[in-house]
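Worksheet: one structure, shown below.
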Amino acid sequence: VVCKPIELILLRQLASRLPLGVSLVDARGVLVYANAPAERLLGWNFPELDDYPISRFDELFDPRELDGSRMKAENMPIAVALHERRPQQARMIVHDSDGTSHTILTTAVPLDGQGGMLLGAMSIYWEVDDVEGPA
Amino acid sequence: VKVTFWGTRGSLPSPRPGTTRYGGNTSCVSLRLGDGSDIVLDAGTGIHRLADFGPDTTRVDILLSHLHMDHIIGLGFFGALFQPDLEVHVWGPPSATLNLHARLSRYLSPPLFPVRLRDLPCKLVLHDAPRGTFDLPGATVTADLVCHPGPTVGYRIEADGATLAYIPDHEPALADGAFPGRPDWLSGFPLMAGADLLIHDAQYTDEEYAAHVGWGHSSISQAMALAEVAEVTTLTAFHYDPSHNDVQLDRLFAAAAEERDWPFELAPACEGTTLRLGRQGAGVVPS
């Protein structure tokens, strides 16, 4: 059994009680958890996507910039947070499992453990009505 | 491995007539390995009963699970620290802000304590316990952070062909409605898995736990569930609530053991008792 680090375990427990969408990826860059609000927003049954890599998130969510241009998976905030180890915020468009588009505001942060160990990344997101405004 | 319990109580020293059997001193367990090496787990008030080490001993390793007062309050009274020829290595959980020396110095310095760390006669070496596996004389140790307020580690110690897991303060059920749930999401699981002996937090009854969610401890039934999931051979309940006396603990452990046919032995820790593990004995044998 490959166990999750305690930081991910505690974040999962917290996220399971939040009304915002929360996704966790581990240090390998694979999805290990998304909470119920994330499932409601994006339409996916995330346990079925266990170990889905963020490098393929563009196939899953068809992410777009606000002007409609395609966003590469590597430019999604959670990928930036993981690979560049810095917070990233964006207002962007994603598509749910039915193909319906949603404008979301998302913030992703790297999960740095003690001693500089990279544990993964977390993104928080919620749907917004407007496409303007500060990201 | 010879495992001796010098302090079994949690949170607060609780010496009184009603706690003489399970014990009133706070967390301290010593391990004497087959090659003569000595490891001490935590430095609660129980550490004071550990006798001075003889001339054959050149090194003692103290593994601190965390720095809450009940786990370090006895450190300044540990005789080994005052033996000039002895090398004492203290390992503790890493912090994101201060090293172990700085954190321990908050207690081991005036006005809380008259002697500073730098003035101790022994050869003192402090280590942030690496998150992972490291070697000590005669043993391989794995440390990992576990669910308890503040930086807290549990230890898995492999020596003499036996495996012991020490997680004295642990709340893996925190806010987890599916507890114990999937092992890969279970705090401390890799430390406990398949251990011959699991020394684990068993502070509360289930009713008490419900009133103390988030305080960092487990109920007896949660410790039993963990031991089952982790497939340990023996569970040694530990870190008893200060309010629980011997009669109550007898009753609680009898009820827990009789609940059903558990796939492990329940052997609650009693202060002053010794267990033997691995090549020094067959399984866990009280001496």
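Coordinate-derived values only; no laboratory data. Given the structure is predicted, the values throughout are model-derived calculations rather than measurements. For neighbour counting, all protein chains shown are included, and Cβ atoms are generated from backbone atoms with ideal geometry for every residue, glycine included.
To one decimal place, what Kirkwood hydrodynamic radius in Å is obtained for region B:81-209 from all pairs of distinct Cα atoms?
Working: mean 1/r = 0.0597 Å⁻¹.
Result for region B:81-209 stands at 16.7 Å.
Using only the Cα atoms of chain A, construct the convex hull and provide its projected area averaged over every direction, in square nanometres to one decimal. Write down the numbers at each step before the final one.
On the way: hull surface 32.1 nm².
Mean orientational projected area (chain A, Cα hull): 8.0 nm².
Highest first, please rank the peptides B:58-66, B:96-104 by the mean number of other Cβ atoms sitting within 10 Å of their residues.
B:58-66, B:96-104
If Lys and Arg each add +1 and Asp and Glu each add -1, what is the summed charge of the other residues whose beta carbon sits under 12 Å from the beta carbon of residue A:102?
Here the count lands on -2.
With both partners inside the protein assembly as shown, how many of the DSSP beta bridges are antiparallel, as a percent to the nearest 5? If you can, show how the numbers build up before the last one.
Details: 57 of 86 bridges.
Counting only bridges with both partners in the protein assembly as shown, antiparallel ones make up about 65 percent.
For region B:116-275, count all C-alpha to C-alpha pairs, find those more than 28 Å apart, and express that count as a whole percent of the total.
Numbers: 2921 of 12720 pairs.
That fraction is 23 percent.
Taking the convex hull of the alpha carbon atoms in region B:1-100, what volume per residue do you get, in Å³?
103 Å³
Percent of Cα-Cα pairs per 5 Å bin, from 0 to the last occupied bin, for region B:186-245, please list those.
Percent of pairs per bin, in order: 4, 21, 29, 23, 14, 8, 1.
What trypsin sites (Lys or Arg not before Pro) does region A:57-135 have in DSSP loop regions with at most 11 other beta carbons within 10 Å? List each step's numbers first, then the result.
Numbers: sites: A:64, A:70, A:72, A:85, A:91; in loops: A:72, A:85.
For trypsin sites (Lys or Arg not before Pro) across region A:57-135 that sit outside H, G, I, E and B with at most 11 neighbouring Cβ atoms in 10 Å, the list reads A:72.
Put +1 on the Cβ of each Lys and Arg and -1 on the Cβ of each Asp and Glu in region B:170-285; which of B:247, B:268, B:212 then has its Cα farthest toward the positive end of the dipole?
Going by the Cα projections, it comes out as B:268.
Please report the Cα spread of the protein assembly as shown along all three principal axes, rounded to whole Å, starting with the longest.
On the principal axes, the protein assembly as shown reaches 76, 51, 40 Å in Cα extent.
If Rh is defined by the Kirkwood formula over all Cα pairs and Rg also comes from Cα, what ratio Rg/Rh do you get for region B:55-139?
0.95
Output the direction-averaged projected area (hull surface divided by four) of the convex hull of the alpha-carbon atoms of chain B, in nm². Before the final figure, lay out each step's value.
On the way: hull surface 57.4 nm².
If you wrap the Cα atoms of chain B in a convex hull and average its projections, you get 14.4 nm².
With an 8 Å Cα cut-off and a minimum separation of 6 or more residues, compute the relative contact order for chain B in percent.
Numbers: 708 pairs, mean separation 54.7, N = 287.
Worked out over chain B, it gives 19 percent.
State, in angstrom, two size descriptors of region B:185-287 derived from its alpha carbons: Rg to one decimal place and Dmax to the nearest whole number.
13.6, 43
Loop only per DSSP, at most 14 neighbouring Cβ atoms within 10 Å: give me the GluC sites (Glu not before Pro) in region B:193-287, ordered by residue number. Kindly include the intermediate steps, with their values, before the conclusion.
Numbers: sites: B:207, B:208, B:228, B:231, B:258, B:259, B:265, B:271; in loops: B:231, B:259, B:271.
Answer in residue order: B:231, B:259.
What net charge is computed for the residues neighbouring residue A:56, neighbours being all others with C-beta under 12 Å from the C-beta of residue A:56, Lys and Arg scored +1, Asp and Glu -1? Write down the numbers at each step before the final one.
Working: positive: A:72; negative: A:51, A:58, A:59, A:62, A:74.
Result for the neighbourhood of residue A:56: -4.
To test your reading of the geometry: what angle, between 0 and 90 degrees and rounded to tens, separates the Cα axis of helix B:246-258 from the longest principal axis of chain B?
For B:246-258 against chain B, the angle is about 50 degrees.
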